Structures are given as structure tokens and as C-alpha cells.
1. Go ahead and estimate [θ] at 222 nm for the chain from helices alone: -39,500 (n - 2.57) per DSSP H run with n ≥ 4, summed, over the residue count, rounded to 500.
2. Run the dipole for the stretch 301-403 about the Cα centre, Lys and Arg Cβ at +1, Asp and Glu Cβ at -1, nothing else charged, and hand back the magnitude in debye, nearest 20.
3. Would you mind classifying the chain by shape? Square roots of the alpha carbon gyration tensor eigenvalues, ordered a ≥ b ≥ c; an a/c under 1.5 is rounded, otherwise it is prolate if a/b is larger than b/c and oblate if not.
4. GLU394's amide H: which non-local residues (gap 5+, or another chain) put their own amide H closer than 5 Å, with H modeled 1.01 Å from N in plane and none for Pro or chain starts?
5. How big is the dipole moment of the stretch 30-119 about its Cα centre under a simple scheme where the beta carbon of each Lys and Arg is +1, that of each Asp and Glu is -1, and everything else is neutral? Debye, nearest 20, please.
6. Under a crude label model (7 Å from the Cα following the beta-carbon direction), how far is ALA96 from SER28 in nanometres?
7. Near ASN148, within a Cβ-to-Cβ distance under 13 Å, what is the net charge of the other residues, with Lys and Arg +1 and Asp and Glu -1?
8. Give the accessible surface of the chain per residue, rounded to a whole number of Å², with probe radius 1.4 Å and ligands, DNA and RNA excluded.
Amino acid sequence: MSFAERCGLHTQVRLAACQQLVQQVEASGIELIRLGWCDLHGVVRGKTIVASQLRQALANGVGIVSTLLLKDSSDRTAFKVFEPGIAQTLPGFAGASNFTLMPDPASWHVLPWADKTGWLQCQPYLADGRIVSLDSRHVLQQAVQRLNERGWQMRCGLEVEFHIYRLKDPLHGQDLDPNRAGWPGPAPEVSMIHPGFNLLTEGLFDQAEEPLRIVHRTAQALGLPLISLEIELGPSQVEAVFDVSDALTAADNMVLFRNATRQALRRHGYHATFMCRPPFDHIMSSGWHLHQSMCEHSTGHNVFMRDAPAPGSSPRDALQVLSDSGAAYLAGLLAHAPALTALCTSTSNGYGRFRPNAMAPQSILWGRDNRGAMLRVIGAAGDEATRIENRLGEPAANPYLYMASQIHAGLAGVDAHLQAPEATETPYSPGATLIPNSLADAVRALQKDPTMCQALGQPFVDYYSTLKLAEHQRLAQAEDAQEFHRREYFGRI
């Protein structure tokens, strides 16, 4: 029996897809295949096999050490896997045991920046054939299943801000100096691709065209639904906008885009970082704005759209724009926002973004087309594009957890028939409930939210909290917070 059979993956559809992929690879001259898996922090890990091993890998996977799931953001193992009790805390992880990465043949891509190299997305399985429940992609798959059960599909559009820099010495920089190696090591030395503070200026786009062309061509070659590349306000800051897709596809695309962008740019002497606040004095924070709506599987109808404003509603009423379900979903996002923050802004670096008048949220509020509010409702009665934009996220967030958190919180609002408060027109005025101001506060809010703990599963919340509080603890012990962020994130995410 193959391991794919033990995992319940040995379907006729997958078998045909595997056979077709093997034939395609044999005919194409592909030499190497990367088997990639997205870890808790949104970083792609995995192994590279020679092409002749593809058939074997599709049938039986490849082994990885289970502690890859237990790494904090510095790559230190945050659980004591060789001590008593670990088998009860984390079944299957004792002794740094092996897991098996199983590739999905439908995820095949030829990497446009690497010679004769293909890529397959994988998920980890236990030795007995069960999927590893702590895997972040599995967490989203479970959330999507909740939607499927009520006949809904989440639709997502992505707006991702990030920074691109020019490497001063891509071959012999200080991050590659063996005498300066560390854990984590030094960040690369860089210069900017544009000076910033001139939003959407064509002249700055022209100045930054070479790296943006690399991003565009890479995304296009991978089949990603990129709509536009834009010059953002901050120095060396840009934005990528993606067309709408279902939640799991959108999350997969985000993982692939970040991974591909960093690698393709590095080969041309550039450095891309998706950390929220790069470690320089004069920067603008980067956000990840997640546009979301729900549609009915059977008809494609936008569940959030209402045909006409609710009788007697004012412009500040959610029911003037959103359906009853849409307004309750909005209320659910607001009610569980403190807990959501831990999953949407998942690094300690991201919390410097929540400040007034910075085109980023500070308080737990919603607004009608208001970019200072945490949630921005876009559309009108009768508009099929009606949606909610969550501006809480940072671009380094794990996409699967970001989207799963929205589904669970929104459905909690729908199921409880929550009522949304009035929209804000002054999102930075005092008096509103503030977004948690540190990673530790956000994690504690998640731990104290019984609805989110039940939806995600208490074992996952405990696991996630352990890893993220380890990160916060290192920051608390650091002598220089900026240097901590430089080493922890700038060269790594």
C-alpha cells in the first residue's frame, strides 16, 4: 500500500493527475522539483528532489522532521520534544519524529527564475496517514468546509504592500559574511529603488521599473491573477493588487507570490521584504488589505449584497449597504477583532502600524469607504461587488490563518445574529476600543475568546500561542528593538 492510499489521497482523479504530471515532467526536461510547504509564519520550507524521483514522491511523499512545525520566527524549536509530556501536549511530535509531506499534483508550477525547476505544494501527514491538524492550510480547509456546509463560498481580493530594495552587495554582503553569522544572522545592506513620499507618481514608477518588471513577469509566468503594481507612499514601498478568487486559491496565491517575488528579485540583485515596518527611520508601514465577500455556491449570488436599503436606515447603518447576513458577518469581525489581530498581524513588528492618521486602523470600528477604519464597507444596495475590506492585516501574515480567522469570526456573527454598530466617520477620535498594541496582547485576546478557540480548536490556539509568545519574549529581552526586528524579519520574511 502506498502512503497516498494510507492518507486517503489515492483517488482516481489524483492518480490520473499524477500520471499526467510524470509524463509532462519527463517530456519537458525538468531536472529538479521543489516540494514546498508553508509553515506557521508563512515561510515556504521543503525539500528538492531530482525529477526521476517524482513518481515515488507523489505516491509516498518525502519525510521531514516534525520540529519544522514547532519553530518560532527565529527558527528555534519552541517546544521541548525530548522531555516527558510532549506526547500528551503534541501527539506525534515526541523525539523530533518524522512527518511526511504529500505533494498535490494540481499545484504544479515551472519556476520562471530557476533553470529546469518545478514546484509542488505539499501538506504534512502523520505516520498513520492522518493529516497534521496543526498545519495552517488544513486550518483554512476546515474553515472553508464550514462555508460549504451552508452553501457559501468566500471570495477574496488582495491588496499587498511591501518593500523592494537594491542589494548593495548581493554576492558578498554582510549577511553572507561567515564571521558575522548568527541565529538569526545580520540583515542585508540595501539602498532604495525610489525615494518615496510621492504617491502613485509615474516618475517613481519609471525609476523602479526594472524590479517591478521582474515582479510582473514572475507573477504572470506563474499564472497569478495580478491586476496592478503601484508606487506606494513610503520610500521603496510598492503595492500589488490581485483579482478575486476563492479563499483557498487566494491564500495559495499569496504564499506563492511572496516566495517567488523574493527569490526572483534576489537573483537580479534586489531584496523584497514583506515585513510591516522595515528597520529604517523614514519608512511607511505596509498593510495587507483583504477584500472579502460570500457568494452562494448554487447561484453565485453575493450574500453580502442587499437589493435595497433597509427601511428607515441612515448612511451610517450597515443595513443600508449590507444584507442581514453581511451586516451580522461585519459585526462578528468587530466582536472578535482583538482575537483576530493575533492571526492577521502575526509579528511583533506589525504593531507599530496601528497609529492615527496613517492610513491604518487604530480602533475596532467600521466605516463606509473610510480608509482609517479597521473594516471598510464598499458598495451599495444592488451592487454585486459589495464587500468588506479588512485593513487589520500585515503582509507577513500567514494567509491561511488570516482568511480562516475571518470565516470563523464572521460566521460567529451570522449565527448569533449580531447587530453592527453605526459606522464611524472619525476613526481616530478617542473613546473607541483600541486594537491590541502588541503581539502578546493580541495572543492573550485570542486565548480568552471562547468562540475563536472552539472554531480553531484549543490545541491549535495553545500551539500558536506558544510560538508567538516565544517571539514576544525575545523582543522583551532585546536591548535594541530595531536591531531585533532587523535580524528577525528583514532578511527572512
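1. The per-residue figure over the chain is -10000 deg cm²/dmol.
2. 380
3. Verdict is rounded for the chain.
4. TRP288, THR345, SER346
5. 100
6. With each label point 7 Å from Cα toward Cβ, the separation is 3.5 nm.
7. -1
8. Computed with neighbouring chains in place, this is 41 Å² per residue.
The values are calculated or read from the model by the stated rules, or taken from the named source; none is laboratory data. Everything numeric here is computed off the predicted structure, so don't read it as measured data. Cβ atoms come from the backbone with ideal geometry, glycine included; neighbour counts cover every protein chain shown. Surface accessibility is based on the protein's heavy atoms, side chains included, excluding ligands, DNA and RNA. Shrake-Rupley method; radii C 1.70, N 1.55, O 1.52, S 1.80 Å.
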